[in-house]
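Below is one structure; the comments refer to it alone.
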Amino acid sequence: MTVMEQRGAYRPTPPPAWQPRTDPAPLLPDALPHRVLGTGTAARVDPDLLRRLYTELVRGRRYNTQATALTKQGRLAVYPSSTGQEACEVAAALVLEERDWLFPSYRDTLAAVARGLDPVQALTLLRGDWHTGYDPRELRIAPLCTPLATQLPHAVGLAHAARLKGDDVVALALVGDGGTSEGDFHEALNFAAVWQAPVVFLVQNNGFAISVPLDKQTAAPSLAHKAVGYGMPGRLVDGNDAAAVHEVLSDAVRHARAGGGPTLVEAVTYRIEAHTNADDATRYRGDSEVETWRAHDPIVLLEKELTERGLLDEEGILAAREAAETMAADLRARMNQDPVLDPMDLFAHVYAEPTPQLREQEARLRAELAAEADTDTAAGFEPEGGGR
Amino acid sequence: MTTVALKPATMAQALTRALRDAMAADPSVHVMGEDVGTLGGVFRVTDGLAKEFGEDRCTDTPLAEAGILGTAVGMAMYGLRPVVEMQFDAFAYPAFEQLISHVARMRNRTRGAMPLPLTIRVPYGGGIGGVEHHSDSSEAYYMATPGLHVVTPATVADAYGLLRASIASDDPVVFLEPKRLYWSKDSWNPDEPRSVEPIGRAVVRRPGRSATLITYGPSVPVCLEAAEAARTEGWDLEVVDLRSLVPFDDETVAASVRRTGRAVVVHESGGYGGPGGEIAARVSERCFHHLEAPVLRVAGFDIPYPPPMLERHHLPGVDRILDAVARLQWEADN
């Protein structure tokens, strides 16, 4: 009897009858990360999917470099780049059906954009004009989550609710290696397994939680091993191999949609840039380590596979780059416009109906703005763009 | 034919009835928490719901408050109306990150696109001889978090009416249940049409002219008792039951204090940084020229909740309230 077959039969009984469960093998991840590119398995993958992944990877990389540049220009307060991790981001977005939900963390703007979110709307949190610049229900992308792992129980609850309503919706939740140490990670996985919720957890293990390396984060053989204790399968995948991440996530999504319950997927990848522009990565890691990972770049891996098999030529590469440049130029142009903000929005969305206390404060701000406008006019100043 | 005698009901029964009626009226209402299913809750407030509506609608969850509230957030995101039970006041603390970082601000951070209609039931307060971590008055933490409504009934009828209103609200409501009033009875007929009390309105429980006692939840019956006792001193005390801490009913409170000219705020939770400071400030700002004496507070001491054998010294009782009222008189005379 496998562990999954034993599920539900477990009740603690007094010794000596009590026997520990002895066959955890079906839940244990493989010892080495699953790979597709550069192996015989790659021939099975639909060439159109590979080309689509490639285009999105190139666009995603360009998005990362453009957003980082916007940070240096002061247009973004901060940008946590996912350069090096694009395969995870893109695969996460592409495995989902339209009706499914994505639960990203703050580093996962790229996954949201690859799912179809307007590149500018994906950045409002980091630009500082509003926390979430989009309606989460439109594309079924939850707000980019800043506290660590707290979005995971939301994904579980949403997937559970969908199943209660009879909808075959899957939720895919993204979390980093550091996030797996949080209590909410544990509670989310436990709830998901007990409820057999149709949810997939993707851990992007990029080596560091800001500066703390994985071996100071966990003593587990892999983060995928953590699945075993919850009673769900754990899968280990090469996070720089876009085809492999897509394949493993597709399996997990299919499994969840068919009523098989949750899966924990660990993608082993690397954060090439610092945590954010506020971080100095040279204090905790050496150049040679970064260079080793650069040689295992997700775009290079996929480009090699595609060109060797004659699925991509120079023209195709240029076309992908041009599409990425077009996106970057558009992003640049739109991000260089000052956002138009209405200060009265401060009170608009605290409650369905503002409390009497908020109405008083709203009136006060309105009076302050009117007084400011009068002063500006009297002094011959034009009010600054937007704003009032 | 026999007429059914009008039976007194307890607050716990009224809460159960409110949950049952809400679940019957709206299939999106889901009750969840530790022990709420088969057991019917440790206070039996969810008694019978799992049997009547099934375990999918009244769910025993794993024992994890952050997980209970966090999954409820996701359920609300998908269009359900979860009603979460936190079992005991101090057990809710692991869920505070979910409460503060997500529940309270989901509407705000999505610019109104994603409101969270969920109700968090928290049995709170002392006076039942509970051991450590079973008697906290945690309302100040909730009040300090924008985006939450904070409601607490003191009567059987309000328990029903306010819980129905909370579940119907499109915003998250922290519904504080004064656990020592669970077994208080009232002549409330659960089979009569039941009124739903809008959130945010205080009520004058007892009219009076000498001074106003401003209170809520478990301290309401204590204040009413104090008001009765005060009659022998010739004092005619008005008792205002706030019912809702957020939003706060400034109008009812200020109107009362303007009539009486004196006010005492009474609550169980500690005074420093407690609700009474906020309430006293609001009263002072609005009624300064009507006040004959400073607004006083009768609160629990600023200590971690004491062991049960000492709790009677900590909880505001009739004598401590009357002593405060006496000090109001003294201030007026000198």
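The values are calculated or read from the model by the stated rules, or taken from the named source; none is laboratory data. Please read these numbers as outputs of a predicted model, since none were measured by experiment. Methodologically, a virtual Cβ is constructed for each residue, glycine included, from the backbone with ideal geometry; neighbour enumeration extends over all protein chains shown. SASA here: full protein model, heavy atoms, side chains in, ligands and nucleic acids out. Shrake-Rupley method; radii C 1.70, N 1.55, O 1.52, S 1.80 Å.
Take every residue in peptide A:355-365, count the Cβ atoms of other chains within 10 Å of its Cβ, and give the average of those counts.
Other-chain Cβ atoms within 10 Å of each residue's Cβ, averaged: 2.
Normalised by the empirical 2.2 N^0.38 Å for globular proteins, what value does the Cα Rg of segment A:341-380 take?
The value comes to 1.39.
Once the Cα atoms of helix A:242-257 and of chain A are each reduced to a long axis, what angle between those two axes, in degrees from 0 to 90 to the nearest 10, is obtained?
With both axes taken from Cα atoms, the answer is about 80 degrees.
Taking 0.36 nm per residue of sequence separation and subtracting the Cα-Cα distance, how much length would be gained by fully extending the chain between A:K165 and A:T39, in nm to one decimal?
Contour length minus the Cα-Cα distance gives 41.2 nm.
Along the Cα-to-Cβ line of B:R312, 7 Å from the Cα, sits a label point; which residues in segment B:261-302 have backbone N less than 16 Å from it?
Answer for segment B:261-302: none.
Can you pull the percent of Cα pairs in segment B:152-276 with separation above 27 Å?
18
Given a Förster distance of 60 angstrom, what is the FRET efficiency for B:V131 paired with A:A333, based on the Cβ-Cβ distance and rounded to 0.05?
The computed FRET efficiency comes out at 0.40.
Would you calculate a helix-derived [θ] at 222 nm for chain A, using -39,500 (n - 2.57) for each DSSP H run of n ≥ 4 and dividing by the full residue count, to the nearest 500?
-13500 deg cm²/dmol
From the protein chains alone at 1.4 Å, what is the descending order of accessible area for A:T146, A:T218, largest first?
Correct descending sequence by accessible area is A:T146, A:T218.
Please list, short to long, the whole-number percent of alpha-carbon pairs of chain A in consecutive 10 angstrom bins beginning at zero.
5, 21, 29, 23, 13, 7, 3, 1, 0, 0
For the full complex of protein chains and a 1.4 angstrom probe, list B:I303, B:I128 by accessible area with the highest value first.
Final ranking, largest accessible area leading: B:I303, B:I128.
Using only the Cα atoms of chain B, what are the Rg and Dmax in Å?
20.0, 66
In degrees from 0 to 90, rounded to the nearest 10, what is the angle of the helix B:65-77 Cα long axis to the longest principal axis of chain B?
Helix B:65-77 sits roughly 70 degrees off the main axis of chain B.
Segment B:228-305 to segment A:280-322: how many Å between their Cα centroids?
For segment B:228-305 versus segment A:280-322, the Cα centre distance is 68 Å.
Once you list every other residue whose beta carbon is under 14 Å from the beta carbon of B:K179, what net charge do they have if Lys and Arg are +1 and Asp and Glu are -1?
In short, -4.
When a/c reaches 1.5 or more, the comparison of a/b and b/c decides; with that in mind, is segment A:264-388 rounded, prolate or oblate per its Cα gyration tensor?
Prolate.
For a Förster distance of 51 Å, can you work out the FRET efficiency between the beta-carbons of A:T282 and A:S250, rounded to the nearest 0.05?
According to the calculation, E is roughly 0.85.
May I ask you to derive the FRET efficiency for B:D236 and B:Y272 from their Cβ-Cβ distance with R0 = 30 Å, giving the value to the nearest 0.05?
For R0 = 30 Å, the calculated efficiency reads 0.45.
So which lysines can A:K216 reach, going by Cα to Cα under 25 Å and dropping same-chain residues fewer than 8 places off?
Hits, sequence-local ones excluded: A:K226.
Could you state the number of Å between the C-alpha centres of segment A:227-266 and segment A:140-201?
Measuring centre to centre over Cα atoms gives 14 Å.
Let me test this: with uniform point scatterers at the alpha carbons of segment A:46-117, what is the Debye-based log₁₀ I(q)/I(0) at q = 0.13, 0.22, 0.27 1/Å?
Log10 I(q)/I(0), no solvent term: -0.38, -0.94, -1.24.
Could you tell me what percent of the DSSP beta bridges with both partners in chain A are antiparallel, to the nearest 5?
10
Report the normalised scattering of segment B:130-199 as log10 I(q)/I(0) at q = 0.20, 0.28 Å⁻¹, calculated by the Debye formula with identical scatterers on the alpha carbons.
Cα-only, vacuum Debye calculation for segment B:130-199: -0.91, -1.28.
Using helices alone, what [θ] at 222 nm do you get for chain B, with -39,500 (n - 2.57) per DSSP H run of 4 or more residues, divided over all residues and rounded to the nearest 500?
Calculated mean residue ellipticity at 222 nm is -10000 deg cm²/dmol.
Averaging the inverse of every distinct alpha carbon separation and then flipping it gives the Kirkwood radius. What is it for segment B:203-327, in angstrom units?
14.3 Å is the Kirkwood radius here.
Roll a 1.4 Å probe over the protein heavy atoms and report the accessible area of A:E315 in Å², nearest 10.
Rounded to the nearest 10, that gives 140 Å².
Given just the C-alpha atoms of segment B:1-153, how large is their convex hull per residue in cubic angstrom?
Measuring per residue, one finds 138 Å³ for the Cα hull of segment B:1-153.
Near A:K72, which aspartates and glutamates are there with a Cα under 20 Å away, not counting those fewer than 8 places off in the same chain?
A:K72 reaches A:D108, A:D129, A:E273, A:D279, A:D280, A:E325, A:D330, A:D338.
Over the Cα atoms of segment B:215-270, what Rg and Dmax result, in angstrom?
Radius of gyration, then largest Cα-Cα span, for segment B:215-270: 11.7, 36 Å.
With an 8 Å Cα cut-off and a minimum separation of 6 or more residues, compute the relative contact order for chain A in percent.
21
Which shape class applies to segment A:135-224: rounded if a/c is under 1.5, otherwise prolate when a/b exceeds b/c and oblate if not, where a ≥ b ≥ c are the square roots of the Cα gyration tensor eigenvalues?
Here segment A:135-224 falls in the prolate category.
Straight-line reach from A:K165: which lysines have Cα under 29 Å away, leaving out those fewer than 8 places along the same chain?
Reachable lysines: B:K51.
Across the residues of A:193-206, average count of Cβ atoms on other protein chains within 10 Å?
So the per-residue partner count for this stretch is 1.
When only the heavy atoms of the protein chains count and the probe is 1.4 Å, how do B:H289, B:H102, A:H275 rank by accessible area, highest first?
B:H289, A:H275, B:H102
Sum up the charges of everything whose Cβ sits under 15 Å from the Cβ of B:M106, counting Lys and Arg as +1 and Asp and Glu as -1, but leave B:M106 out.
Its environment carries a net charge of +2.
Going out from 0 in 10 Å bins, what whole percent of all Cα-Cα distances in the protein assembly as shown drops into each bin?
Values per bin, smallest distances first: 3, 13, 21, 21, 18, 13, 8, 3, 1, 0.
Under a 5 Å amide H to amide H cut-off, with H placed in plane at 1.01 Å, what residues pair with B:V31 once short-range neighbours are removed?
For B:V31, the qualifying residues are B:C58, B:T59, B:V83.
Could you run the Karplus curve 6.51 cos²θ - 1.76 cosθ + 1.60 with θ = phi - 60° over segment B:27-41 and give me ³J(HN,Hα) per residue in whole Hz, x for Gly and Pro?
Those phi angles translate into x, 7, 7, 10, 9, 8, x, 6, 6, 7, x, 4, 6, x, x Hz.
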